[in-house]
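Have a look at the structure below, then the notes.
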Amino acid sequence: MATTDPAAPSPDTADLAPALGREEATDPFELAGETFTSRLLLGTGGAPSLESLERAIRASGTQLVTVALRRVEASSSGAMLDVLDRCGVRLLPNTAGCRTAREAVLTARLAREAFGTPWVKLEVIGDEHTLLPDGVELLDAAEELVAEGFRVLAYTTDDPILGRRLADAGCAAVMPLGSPIGSGLGIRNPHNIALLRDSVAVPVVLDAGIGTASDAALAMELGCDAVLLASAVTRARDPERMALAMRQAVEAGRLAAGAGRIPRRWHAEASTPMQGLPDL
Amino acid sequence: MQVTVNGTVADVTDEVTVAELVAERSGGHDRVAVALNGDVVPRSSWAGTRLAAGDALEVLAPTAGG
């Protein structure tokens with residue numbers, strides 16, 4: 001069978017298998033009342049240039065990116081928002097750097113003013129060294145912001161009980177860390193992530209600690225609905241290439257999670273039948 | 001009179017408005033948010049909100065962040 005376009009995929013591979021995979025990998029993701037086809041959320045911090053950031057966003061296929069607020073003298077130029085507008089992504093303001101519920105609530109209100117969205121990635125950190133969430137302040141802030149009509153996506157520890165308390169408080173999503181922000185240490189307690197996933201009805205987004213593509217795939221295999229990462233892409237040597245790797249890892253992990261993996265066994269189990277083995 | 005703008009003490013004319021200080025500081029940013037003494041000042045109130053001596057104003061703009 002001849003084809004006139006050498007770049008076209010062969011009919012043998014173009015039809016069923018890839019089409020099936022594509023369809024399942026992009027099953028819709030409902031978050032705070034909106035529907036997304038991408039399950040990869042990207043943070044914009046850490047990119048070496050706006051050009052690099054734009055290429056990474058496009059390669060990642062993300063539809064939702066985080067942004068922050070800082071004093072105007074220290075903020076990025078308006079060109080960053082132009083890039084994000086051009087990419088057609090939705091903005092998710094964060095409360096990065098806040099140490100108390102009071103600071104985080106005020107920052108969320110300011111972000112709603114600046115960005116015109118009630119969505120907020122709620123982040124209340126306990127100290128500068130670990131950047132680990134302060135669960136007490138976090139829950140206080142979540143309750144107040146939910147009462148004010150915010151759609152709260154709560155960055156939290158991998159504690160399933162705290163995750164449940166945040167979901168009960170009305171958070172739109174619970175976002176447990178895999179390991180500390182920017183550490184690239186991956187998912188230190190997969191069991192807790194799986195427990196947390198089973199503890200809440202709202203979406204669970206693995207947020208922070210991702211180092212490479214296999215970490216993102218594992219998050220999805222553990223049942224997370226999406227992955228949020230920044231440094232793993234923006235600080236990679238080749239952000240665009242890593243962004244594509246993360247996109248494919250999230251899709252692969254989603255597919256694997258729905259495919260029903262084989263049980264782990266202590267001993268081998270042959271896949272080639274023993275029946276009919278010749279006597280040689 | 002003296003007020004604090006983004007952590008720095010500044011001499012400003014008496015009864016200066018938030019809108020005037022934002023215009024002076026925001027340099028090209030349109031998606032700006034303002035806090036006065038720890039409370040949000042909505043954009044619709046900038047022109048009508050006057051500062052008093054000792055007030056602390058924060059003028060914030062979008063930046064990249066995880």
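The values are calculated or read from the model by the stated rules, or taken from the named source; none is laboratory data. The structure displayed is predicted, hence computed values, not measured ones. Ideal geometry is used to build each Cβ from the backbone, glycine not excepted, and the neighbour counts take in all protein chains shown.
The table that follows gives values for the structure above.
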read-out	value
Some residue of region A:185-204 being buried (at least 23 other Cβ atoms within 10 Å of the Cβ), in contact with a helix residue (DSSP H, G or I) (Cβ under 9 Å, 6 or more places away or on another chain) and closer than 16 Å to A:PHE29 by Cβ	yes
Those residues of region A:54-80 which are surrounded by 19 or more Cβ atoms within 10 Å (Cβ to Cβ) and more than 19 Å from A:VAL250 (Cβ to Cβ), in sequence order	A:VAL67, A:ALA68, A:LEU69, A:VAL72, A:SER75, A:SER76, A:MET80
Residue that is farthest from A:PRO180 (Cα to Cα) [pool: residues in region A:209-262 that are among the β-branched types (Val, Ile, Thr) and surrounded by fewer than 22 Cβ atoms within 10 Å (Cβ to Cβ)]	A:ILE262
Residue in region B:18-27 that is over 16 Å from A:VAL72 (Cα atoms) and within 14 Å of chain A (Cβ to nearest Cβ) present	no
Residues located in region B:1-36, provided they are touching a Leu at 6+ places or on another chain (Cβ under 8 Å) and of a type outside the set (A, V, I, L, M, F, W, C)	B:THR4, B:ASN6, B:GLU15, B:THR17, B:ARG31
Counted residues, region A:41-65 - those being outside any helix (DSSP H, G or I) and within 14 Å of chain B (Cβ to nearest Cβ)	12
Long-range neighbours under 7 Å by Cβ, at least six apart or interchain, first residue closer than 23 Å to B:ASP30 by Cβ and away from chain A (no Cβ under 12 Å) within region B:45-66, second at pLDDT 95 or above and assigned to a loop (DSSP other than H, G, I, E, B)	B:THR49/B:VAL41
Every residue from region A:92-123 that is farther than 14 Å from A:ALA68 by Cβ, away from chain B (no Cβ under 12 Å) and touching a strand residue (DSSP E or B) at 6+ places or on another chain (Cβ under 8 Å)	A:ARG99, A:PRO118
Spans of helices (runs of 4 or more DSSP H) in region A:100-200 with at least 1 residues under 28 Å from A:LEU222 (Cα atoms) and touching a Ser or Thr at 6+ places or on another chain (Cβ under 8 Å)	A:135-147, A:160-168
Condition check for A:GLY88: of a type outside the set (Val, Ile, Thr), more than 21 Å from the chain's Cα centre (by Cα) and surrounded by fewer than 17 Cβ atoms within 10 Å (Cβ to Cβ)	no
Members of region A:217-247 that are assigned to a loop (DSSP other than H, G, I, E, B) and within 12 Å of A:SER60 (Cα to Cα)	A:ALA230
Unique residue being touching a helix residue (DSSP H, G or I) at 6+ places or on another chain (Cβ under 7 Å), on the phi > 0 side of the Ramachandran plot and of a type outside the set (S, T, N, Q) when the list is A:GLY163, A:GLY170	A:GLY170
Candidates B:VAL40, B:VAL32, filtered to the one that is more than 19 Å from A:LEU81 (Cα to Cα) and in contact with a helix residue (DSSP H, G or I) (Cβ under 8 Å, 6 or more places away or on another chain)	B:VAL40
Where B:ALA35 falls short, out of the listed (1) more than 11 Å from the chain's Cα centre (by Cα); (2) facing chain A (nearest Cβ under 7 Å)	(1)
Residues (touching a strand residue (DSSP E or B) at 6+ places or on another chain (Cβ under 9 Å) and of a type in the set (Gly, Ala, Ser)) located in region A:218-249	A:ALA219, A:GLY223, A:ALA226, A:ALA230, A:SER231, A:ALA243, A:ALA249
Residue under evaluation A:GLY182, criteria (1) closer than 22 Å to A:ALA154 by Cβ; (2) crowded, with 24+ Cβ neighbours inside 10 Å; (3) in contact with a helix residue (DSSP H, G or I) (Cβ under 8 Å, 6 or more places away or on another chain), criterion not met	(2)
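Okay, residues lined up against (1) within 30 Å of A:ASP127 (Cβ to Cβ); (2) more than 14 Å from the chain's Cα centre (by Cα); (3) touching a residue at least 12 places away in the same chain (Cβ under 8 Å):
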| position | (1), (2), (3) |
| --- | --- |
| A:ARG55 | no, yes, yes |
| A:GLU73 | yes, yes, no |
| A:MET80 | yes, yes, yes |
| A:LEU84 | no, yes, yes |
| A:ALA96 | yes, yes, yes |
